[in-house]
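K.L.:
Mind looking over this structure? Questions follow.
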Amino acid sequence: MLRQSYRLAGKTNCITTSSVFTRNKSFLPHFIPKNYSYGDYPRLKPENLQKRDPYLKYDDQANKRNFNEPLHPQQDDLDMWAPDHFDFVQDSTALKWFGTFFGVLAVFSSVIYIGGLYPEKPANPRNYPFSGLAKDLGASSEEDTLLYAAKIDKSI
């Protein structure tokens with residue numbers, strides 16, 4: 001048992017704990033009440049201000065607060081600029097969302113993959129009349145036709 005005393009406003013007060021200080025044990029002193037009250041301050045339900053209706057008119061529209069509205073003791077954790085509050089969903093709902101996302105991703109990836117197997121031609125091969133315009137390009141005889149004709153790539 002540990003007994004400790006201190007002076008406060010001319011009186012000697014004693015703090016007594018039920019356990020001995022050790023490295024591995026934590027203790028809760030007896031003088032801290034379980035249901036701590038803040039005097040005559042109203043007991044407010046913890047309400048995150050991000051969850052308030054954004055379409056209502058407030059005196060302070062950015063913080064969703066009205067003037068002379070009492071503050072919660074943990075106001076820093078509940079105001080508009082606190083870290084975001086997340087609503088958790090059931091496991092089945094989360095699995096549906098993940099399954100939908102990865103299913104759409106797989107379908108989109110397979111369409112891209114299959115589209116890459118059979119590439120589309122950017123243009124059709126050109127057909128030239130009169131043996132590939134050989135005469136217009138300078139062929140003087142039938143033997144020169146293969147040399148002067150416009151070549152068409154027929155492998156595509």
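K.L.:
Go through region 42-71 residue by residue and tally those that are aromatic (Phe, Trp, Tyr) and either modelled with pLDDT under 85 or more than 23 Å from Pro83 (Cβ to Cβ) (or both). Full working, then the answer.
P.N.:
In the first step, residues of region 42-71 are kept if they are aromatic (Phe, Trp, Tyr); the result is 55, 58, 67.
Narrowing further to those that are either modelled with pLDDT under 85 or more than 23 Å from Pro83 (Cβ to Cβ) (or both): 55, 67.
The qualifying residues number 2.
One line per residue, one yes/no per condition, for (1) assigned to a loop (DSSP other than H, G, I, E, B); (2) aliphatic (A, V, I, L, M); (3) out of contact with any Ser or Thr (no Cβ under 7 Å at 6 or more places or on another chain):
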site	(1), (2), (3)
Pro46	yes, no, yes
Asp53	yes, no, yes
Leu56	yes, yes, yes
Asn63	yes, no, yes
Leu71	yes, yes, yes
Asp77	no, no, yes
Met80	yes, yes, yes
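K.L.:
Based on this model, can you work out whether Phe108 counts as part of a helix (DSSP H, G or I) and modelled with pLDDT of 85 or more? Even if it seems obvious, please write down each step before you answer.
P.N.:
Numbers: part of a helix (DSSP H, G or I): yes; modelled with pLDDT of 85 or more: yes.
Yes: the conditions hold for Phe108.
K.L.:
Another one. Which numbered condition trips up Leu137, out of (1) touching a residue at least 12 places away in the same chain (Cβ under 8 Å); (2) outside the structural domain of Gln50 (by TED's automatic domain parsing); (3) exposed (fewer than 10 other Cβ atoms within 10 Å of the Cβ); (4) aliphatic (A, V, I, L, M)?
P.N.:
It is condition (3) that Leu137 fails.
K.L.:
Further question: Does Lys151 count as modelled with pLDDT of 75 or more, out of contact with any Cys (no Cβ under 9 Å at 6 or more places or on another chain) and not small (Gly, Ala, Ser)?
P.N.:
Values: modelled with pLDDT of 75 or more: no; out of contact with any Cys (no Cβ under 9 Å at 6 or more places or on another chain): yes; not small (Gly, Ala, Ser): yes.
In short, no.
K.L.:
Do you know which residues across region 50-61 are more than 23 Å from the chain's Cα centre (by Cα) and not aromatic (Phe, Trp, Tyr)?
P.N.:
Initially, region 50-61 is screened for residues more than 23 Å from the chain's Cα centre (by Cα), giving 55-61.
Once the filter is applied, which keeps residues that are more than 23 Å from the chain's Cα centre (by Cα) and not aromatic (Phe, Trp, Tyr), region 50-61 yields Leu56, Lys57, Asp59, Asp60, Gln61.
K.L.:
Please identify the pairs in which a residue from region 92-120 that is among the basic types (Lys, Arg) has its Cβ atom under 9 Å from the Cβ atom of a residue that is surrounded by 10 or more Cβ atoms within 10 Å (Cβ to Cβ), counting only partners at least 6 apart or on another chain.
P.N.:
Between residues of region 92-120 that are among the basic types (Lys, Arg) and residues that are surrounded by 10 or more Cβ atoms within 10 Å (Cβ to Cβ), there is no close pair.
K.L.:
Tell me, please, whether a residue that is assigned to a helix (DSSP H, G or I) and of a type in the set (Gly, Ala, Ser) can be found in region 129-150.
P.N.:
Let us first name the residues in region 129-150 that are assigned to a helix (DSSP H, G or I), namely 129-133, 145-148.
If we keep only those that are of a type in the set (Gly, Ala, Ser) too, we end up with 131-132.
Within region 129-150, one or more residues are assigned to a helix (DSSP H, G or I) and of a type in the set (Gly, Ala, Ser).
The rows are residues; the columns are (1) exposed (fewer than 10 other Cβ atoms within 10 Å of the Cβ); (2) of a type outside the set (Asp, Glu).
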{"site": "Asp53", "(1), (2)": "yes, no"}
{"site": "Phe86", "(1), (2)": "yes, yes"}
{"site": "Thr100", "(1), (2)": "no, yes"}
{"site": "Gly116", "(1), (2)": "yes, yes"}
{"site": "Glu142", "(1), (2)": "yes, no"}
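K.L.:
What are the pairs, 6+ residues apart or on separate chains, where a residue within region 45-60 that is within 15 Å of Gln75 (Cβ to Cβ) and not assigned by TED's automatic domain parsing to the domain that holds Leu71 has its Cβ under 7 Å from a residue that is charged (D, E, K, R) and assigned to a loop (DSSP other than H, G, I, E, B)?
P.N.:
none
K.L.:
So which residues in region 69-84 are exposed (fewer than 13 other Cβ atoms within 10 Å of the Cβ) and of a type outside the set (Asp, Glu)?
P.N.:
Within region 69-84, the first condition is being exposed (fewer than 13 other Cβ atoms within 10 Å of the Cβ), and the residues that meet it are 69-71, 74, 76-77, 81, 83-84.
Residues satisfying the conditions are Pro70, Leu71, Gln74, Trp81, Pro83.
The values are calculated or read from the model by the stated rules, or taken from the named source; none is laboratory data. As the structure is a prediction and not an experimental result, all values here were calculated from the model. Heads up, the Cβs are rebuilt from the backbone with ideal geometry, glycines too, and the neighbour counts pull from every protein chain shown.
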